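Here is the structure we will look at, set down as structure tokens.
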Amino acid sequence: RREADNARDVALARAGYLVRRNGYLALTSESAIAAEVASILPGARRLTAAIGSPAEPSAAGLASLSMETAPASSGGPSAPVAASAGEIDASRTREPTTRSILRVVTTVVASAFALYLIYRLRTPISWLLFATFAAVSVSAPVNRLSKRMPRGAAIAIVYSLLILIPIIIGAILVPPAVQATSDLVSDFPSYVDDISMTVNESDTLSNLNENFDLVDKLEDFANNAAGSVGDVATTLASLGAGLLGSLFALFTILVMSMFMVARGRSWTDAALRMRPPDEAAAIRRALDRMAVAVSAYVGGALAQATIAGTAAFIVLKLLGVPAPLALAVVIAVLDLIPLIGATIGAFLVAVVTLFTGFPTTTIIWVIFAIVYQQFENYVVQPRIQGRAVELDPFVIVVAAIFGGTLLGVVGALLAIPSAAALQIAVREYFAFRRSYGGAALPLGGDETPSHPTGPVAPHIDPQPG
């Protein structure tokens, strides 16, 4: 019996079905499992005949017996013995047991309940995901500061800056926005008069006005603008209530991410201690690389937005556009959105220039926006962000579209670092398979398992004799 088991192992190893994984022998494909199952009945009959038992072996006895392989042909590997067609058909037509039906029903019910819980908890789950992203993003500056001061002080400094930055941005944007809105409502009739004069001086614009009656529509809108102040106030009140809810969500996310930064490493170490050492090392390496990539992307995006805002502020200041600092902040914030953010910001500023310095200021701004976007796309972005994420441009476009479709602006912001983290996880997984999986068949079946070069460990019968 031992000799038959050893012969089976050698035959399967030569055929590429049996490999060594983490020091143990394992099957590599469904064909190997089918080959051994097909050899159960003939092998059991021969073994029982050899020990002199005339009775047909029972199912329990068959399960306890080892599989046997046929002798090798001249110069070829040993092959498993096939079962008869009747035996295979009988196994295929076997009725499902009550236990298997109960298992399927339990799985379906548990899956439905899990999906229901996810739906009901979708808001806190999204907060948890955002907190995780924030914690990973600030881990790099916290680690750098921790080398010069206690980690608690480093966390306090970084998160104080995170809280101050939105406050500073709001202080810069809100007063000019309120003043600009008030000036626009009061001065809109004069703007309409200027546009009307420009239209009358141009034959092309005059023809368009005759066909579409643009000036009259603008005059009607100007006359109704003063009466719409109450509606605007109501809208602002609704926006204020929504802003309070957003501030509460932001505060909750910051608190959760702070706990993750402070205790996340110990949580990760505790979870990895339950895994084998080689697997734990691979997971830790993947997590570290993902954290570095996400932090580098966020830092690069902030640097790119700062450059865009600074350049816009200089140009707007030279052109004499009102509130250049507020408009520059708008440009910087929108520049964080991949693909379309810079275009949206440039368009909004161009609309503002229509009321402040049309047409000279508008033309100069449009030319600057086009030139700077080319400079950003081909010089700034590849140097700052390309090295951080190492993603193909096609993948970046697809990730941004998918993220924006699923979660809007927030999804577009998180799509590229998430795609970079996923790419690192996949690469580390296949690297682990190559390093510790021996000759195991990779996912997808593109490669065939390599034949073992070392001797195959003999099968050991657990029962003496």
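Bear in mind that the values in this text are calculations on the coordinates, not laboratory data. As the structure is a prediction and not an experimental result, all values here were calculated from the model. A quick note on method: Cβ atoms are made from the backbone with ideal geometry, for glycine too, and the neighbour counts reach across all protein chains shown.
Semi-axes of the equivalent ellipsoid of region 296-423 are 29, 14, 12 Å, computed as sqrt(5λ) over the eigenvalues of the C-alpha gyration tensor in descending order.
For the pair VAL426 and ASP187, what calculated FRET efficiency results from E = 1/(1 + (r/R0)^6), where r is the Cβ-Cβ distance and R0 = 51 Å, to the nearest 0.05? In this case the efficiency is close to 0.35. With the biggest extent put first, the Cα atoms of region 270-355 measure 67, 19, 17 Å across the principal axes. Here the peptides 252-264, 140-152, 411-423 are ranked by packing, the mean other Cβ count within 10 Å, and the order with the highest first is 411-423, 252-264, 140-152.
If R0 is 41 Å, the Cβ-Cβ spacing of ILE165 and LEU115 corresponds to a FRET efficiency of close to 0.65.
Peptide packing for 398-405, 174-181, 97-104 was compared via the average number of neighbouring C-beta atoms within 10 Å per residue; ordered from the highest value, the list is 398-405, 174-181, 97-104.
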